[in-house]
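Let me begin by presenting the structure, written as structure tokens, before commenting on it.
The values are calculated or read from the model by the stated rules, or taken from the named source; none is laboratory data. Computed from a predicted model, the values in this text were never measured in an experiment. So basically every Cβ, Gly included, is an ideal-geometry build from the backbone, and we count neighbours across all protein chains shown.
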Amino acid sequence: MKLAAQIFSLIFILVGCGKSNHDQNDLMNRIRLTEINGNPLELSEYRGKAVFINFWATWCKPCIQEMPTLVKAQDKFRSDNIVFLYASNEEPEQIEKFKKKHSFDFHYVRIDNLEELNIQALPTTYIFNADGKLEFSEAGFRNWEATENIELIAKIVNHEK
């Protein structure tokens, strides 16, 4: 199972490497999100902040297993220049039901064009820097509270190379 995840990650990285810088820089502008209540959410509102987007689903066991670690990571960066968004393409009613069942303090949103973004597995995480450039993308479960992952987020938030 772990080997399969590593192979998938490698393929995901190689496919991603084939995209031009223009495509990668434009990715943030192509993501179409709405609030659960249906109001549009413009990612341009967050210019000047890093944006962490976790694509997930209510039926996705790895997504749900990852969420407690996301809580810890999000809590570490509460006062920093980053926004965390949790995007599902499910109906608002499904997301609301999940939200009531679980006590995660997340900013849940709907992704309106998941397929168009070519996201092939859940969970998938994108982290954009404050300039809107994609700095990190990965499909699959990750322990976000692990030191190396906290450091990864901190580097992006702080514009470190």
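Being of a type outside the set (Gly, Ala, Ser), outside any loop (DSSP other than H, G, I, E, B) and surrounded by 14 or more Cβ atoms within 10 Å (Cβ to Cβ) is the filter here; which residues of region 42-67 pass it?
Going through region 42-67, the residues of a type outside the set (Gly, Ala, Ser) turn out to be 42-43, 45-47, 49, 51-56, 58-67.
Now narrow it down to the ones that are outside any loop (DSSP other than H, G, I, E, B): 43, 45-46, 51-55, 61-67.
Within region 42-67, Leu43, Tyr46, Val51, Phe52, Ile53, Asn54, Phe55, Pro62, Cys63, Ile64, Glu66, Met67 meet the criteria.
Report whether or not Lys100 is assigned to a helix (DSSP H, G or I), over 22 Å from Leu134 (Cβ atoms) and in contact (Cβ under 8 Å) with a residue 24 or more places away in the chain.
On the way: assigned to a helix (DSSP H, G or I): yes; over 22 Å from Leu134 (Cβ atoms): yes; in contact (Cβ under 8 Å) with a residue 24 or more places away in the chain: no.
Here the answer is no, as Lys100 does not meet what is asked.
Taking the condition in contact (Cβ under 8 Å) with a residue 40 or more places away in the chain, touching a Leu at 6+ places or on another chain (Cβ under 9 Å), among the hydroxyl-bearing types (Ser, Thr, Tyr) and closer than 21 Å to Gly38 by Cβ, does Tyr108 pass? Can you show your working first?
Working: in contact (Cβ under 8 Å) with a residue 40 or more places away in the chain: yes; touching a Leu at 6+ places or on another chain (Cβ under 9 Å): yes; among the hydroxyl-bearing types (Ser, Thr, Tyr): yes; closer than 21 Å to Gly38 by Cβ: yes.
Yes; evaluated as a whole, the condition is true for this residue.
Keeping to region 79-97, report how many residues are of a type in the set (Gly, Ala, Ser) and touching a residue at least 24 places away in the same chain (Cβ under 8 Å).
Of region 79-97, the ones of a type in the set (Gly, Ala, Ser) are 79, 87-88.
Retained after the next criterion (residues that are touching a residue at least 24 places away in the same chain (Cβ under 8 Å)): 87-88.
Adding up the residues that qualify gives 2.
Name every residue in region 93-123 that is within 14 Å of Thr58 (Cα to Cα) and either of a type in the set (A, V, I, L, M) or touching an Asp or Glu at 6+ places or on another chain (Cβ under 9 Å) (or both), in order of residue number. Give the steps one after another, and end with the answer.
First pass over region 93-123, keeping only residues within 14 Å of Thr58 (Cα to Cα): 93-104, 106, 108-111, 121-123.
Once the filter is applied, which keeps residues that are within 14 Å of Thr58 (Cα to Cα) and either of a type in the set (A, V, I, L, M) or touching an Asp or Glu at 6+ places or on another chain (Cβ under 9 Å) (or both), region 93-123 yields Ile95, Phe98, Tyr108, Val109, Arg110, Ile111, Ala121, Leu122, Pro123.
Scan region 59-96 for residues that are at pLDDT 95 or above and touching a strand residue (DSSP E or B) at 6+ places or on another chain (Cβ under 7 Å) and jot them down.
Selection gives Leu70, Gln74, Ile82, Val83, Phe84, Leu85, Tyr86, Ala87, Ser88, Asn89, Pro92, Ile95.
Among the listed residues Phe141, Phe106, identify the single one that is in contact with a Phe, Trp or Tyr (Cβ under 6 Å, 6 or more places away or on another chain), surrounded by 13 or more Cβ atoms within 10 Å (Cβ to Cβ) and in a loop (DSSP other than H, G, I, E, B). Break it down into steps so the answer makes sense when it comes.
Values: Phe141 fails: in contact with a Phe, Trp or Tyr (Cβ under 6 Å, 6 or more places away or on another chain).
Among Phe141, Phe106, only Phe106 is in contact with a Phe, Trp or Tyr (Cβ under 6 Å, 6 or more places away or on another chain), surrounded by 13 or more Cβ atoms within 10 Å (Cβ to Cβ) and in a loop (DSSP other than H, G, I, E, B).
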